[in-house]
Amino acid sequence: MFWHVPGLSAASPVDTILDKENFKLEDLLDEDEIIQECKALNTRLINFLRDRVQVEQLLRYIVEETPEDAEKKRIFRFPFIACEIFTCEVDVIMKTLVEDEDLMNLLFSFLKPDHPHGTLSAGYFAKVVICLMMRKTLPLVSYVQGHPEIVSQLVDLIGITSIMEVLIRLIGADEAMYSSYADSMQWLDDIQVLEMIVDKFSTSDSPEVHANAAEILCAVTRYAPPALAAKISSPSFVGRLFQHAFEDSRPKSVLVHSLSVCISLLDPKRLVSASYQAFRSQLSHGTLVTASPETVNGMLDSLGDLLKLLDVSSAENVLPTTYGSLQPPLGKHRLKIVEFISVLLSIGSEAAETRLIQLGAIKHAIDLFFEYPFNNFLHHHVENIIGSCLESKQDQLIYHVLDECKLVTRILEAEKNSALSSDLTKHTLASEGRSPPRIGIVGHMTRIANKLLQLANTNIMVQSHLQQNSDWIEWHASTLTKRNALENVYQWACGRPTSLQDRGRDSDDEDFRDRDYDVAALASNLSQAFKYGIYSNEDIDEVSFS
């Protein structure tokens, strides 16, 4: 805080303006120090800004469309400064707003269908509403509850990310709202807000709408208010998701993001977006939705139709790459299906494991692992599938992977023929006239092989299977042992202190490495690149993960 000492400190520019007789609000908004003075609770400035006329004018700068011939400061500066004044969280200014019905109507008039919804203006609107939601929770919720059309208007604008963030907080709320006004959650359930959100998969073709709708539903699965938890995990809601995903006329983004919601139901701790990570710290209340047997069974009912989409034999499109060509490329939707299978196996559901064996889903995923040797996202998920199968308590699942899927045999064949094939019947072809590169799955195969060796120490079935395979014994002795020794980073000198060479991982490092966030973060970053139009070609967008 700065003290104004007479004779030693100059008067504040804001006070100088306030000393004038005929000053206007625009004069203050044009002053650089207004936000600083607002945060410092300049009494004269606050008393001026708290007046209803000034609050109304500040709102109009935010929500009203700017004339085309307006000055730049009217287009950019005044809306920004007006938003910052509200987010300074000066109680008397916010009180003037929330206690006046007409001012609240003016603020939420931004959501009307006939109103322009620019991204910049939507961001200012969202910041003001979120600030009110956190500091004036009860008056805001009372207003929204008295105007239920606001929720449907928010859902209609769900493709704008800042509006999506308002809706997430309205549904999930913060701790003050949740503890003091929990009955509002039941009201949201009564107006069927979740149904309105999931139906955007059917009524909109925009990938941004699908992505934001999925993000809201995933947020509900992680920290759902009690009134919404039962509904989102019900078999009927899961069936509604798959119903929209399987519609022939719908774009593939509907399937991808519907599966994201299902994955979040199965594994609520999985984070799919960076924007939600910034918000999750505020959602410390609520119950984490866990997949019940009924929820899993609801997903298994659609599993057969889902696995049909993994078939790549009928696709004819070709994608050129630096190493050759993909015919066809795998595509984001098939990658998402494999991820869904991976998560479905990780929850330990015996019914899911049996159903996946019957439908050949595990074998199909392993086939894709070898058919697309440069898709590391796919390799990561298939490695998790194999690990879940080998560590399962069901001998049937272990037998299926080792004997029916011939996992060890296929690894040895790939090691023997480690160059990319030029066979025209393959889905990944090497470029003509160039030396074929080495396949990109060697690292994942090594990890899987080491996993087999580790499990052979405790599992008789795995041990017996490996001992009966003479090719495996020879490859293990001649190749795998040397490779492990070569790649053991703790044996590398590299100038490191001797005491660190044999140091094992500490608990924090082990926890970090065991998490699935590294690949998920890379996938999210790649999705964001396509989401914001860095790439525009539809074919490339469809196969961005390949």
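The values are calculated or read from the model by the stated rules, or taken from the named source; none is laboratory data. What you are looking at is a predicted structure, and each value in this text was computed from that prediction instead of being measured. Glycine gets a Cβ as well: all are built from the backbone with ideal geometry, and neighbour counts include every protein chain shown. Surface accessibility is based on the protein's heavy atoms, side chains included, excluding ligands, DNA and RNA. Shrake-Rupley method; radii C 1.70, N 1.55, O 1.52, S 1.80 Å.
Once all Cα-Cα distances of the range 11-136 are split into 10 Å bins that start at 0, what whole-number percent is in each one?
12, 46, 33, 8, 0
What GluC sites (Glu not before Pro) does the range 84-123 have in DSSP loop regions with at most 13 other beta carbons within 10 Å?
Passing both the DSSP loop test and the Cβ count: GLU99.
Hand me the tally of lysine pairs in the range 11-136: alpha carbons under 28 angstrom apart, and the pair either on different chains or 8 or more positions apart.
Lysine pairs meeting both conditions in the range 11-136 amount to 25.
Could you work out what % of the accessible surface of the range 29-113 is carbon and sulfur, using a 1.4 angstrom probe and leaving DNA, RNA and ligands out of the count?
Roughly 45 percent, rounded to a whole number.
Tell me which lysines have Cα within less than 23 Å of LYS451's Cα, excluding those fewer than 8 residues away on the same chain?
Answer for LYS451, where 23 Å is the Cα cut-off: LYS363, LYS393, LYS406, LYS416, LYS482, listed by chain and number.
Skip the ligands, DNA and RNA, and give the accessible area per residue of the range 11-136 with a 1.4 Å probe, whole Å².
That works out to 51 Å² for each residue.
What whole number of Å gives the distance from the Cα centroid of the range 122-138 to the Cα centroid of the range 353-382?
With the range 353-382 and the range 122-138 each reduced to a Cα centre, they are spaced 45 Å.
To make sure I understand the rule: partners must be lysines, Cα under 22 Å from the Cα of LYS231, and not fewer than 8 residues away in the same chain. Which ones qualify?
Candidates past the 8-residue exclusion: LYS200, LYS269.
Among PHE78, ASN22, LEU107, whose Cα sits farthest toward the positive end of the charge dipole of the range 11-136 (+1 at Cβ of Lys/Arg, -1 at Cβ of Asp/Glu, about the Cα centre)?
Selected residue: LEU107.
Of all GluC sites (Glu not before Pro) in the range 293-351, which ones are in loop regions per DSSP and have a Cβ with at most 13 other Cβ atoms within 10 Å? Display every interim value, and only then the final one.
Values: sites: GLU294, GLU316, GLU339, GLU350; in loops: GLU316.
In loop regions of the range 293-351 (DSSP not H, G, I, E or B), the sparsely surrounded GluC sites (Glu not before Pro) are GLU316.
Arranged from highest to lowest average of other beta-carbon atoms within 10 Å per residue, in what order do the peptides 380-388, 479-487 appear?
380-388, 479-487
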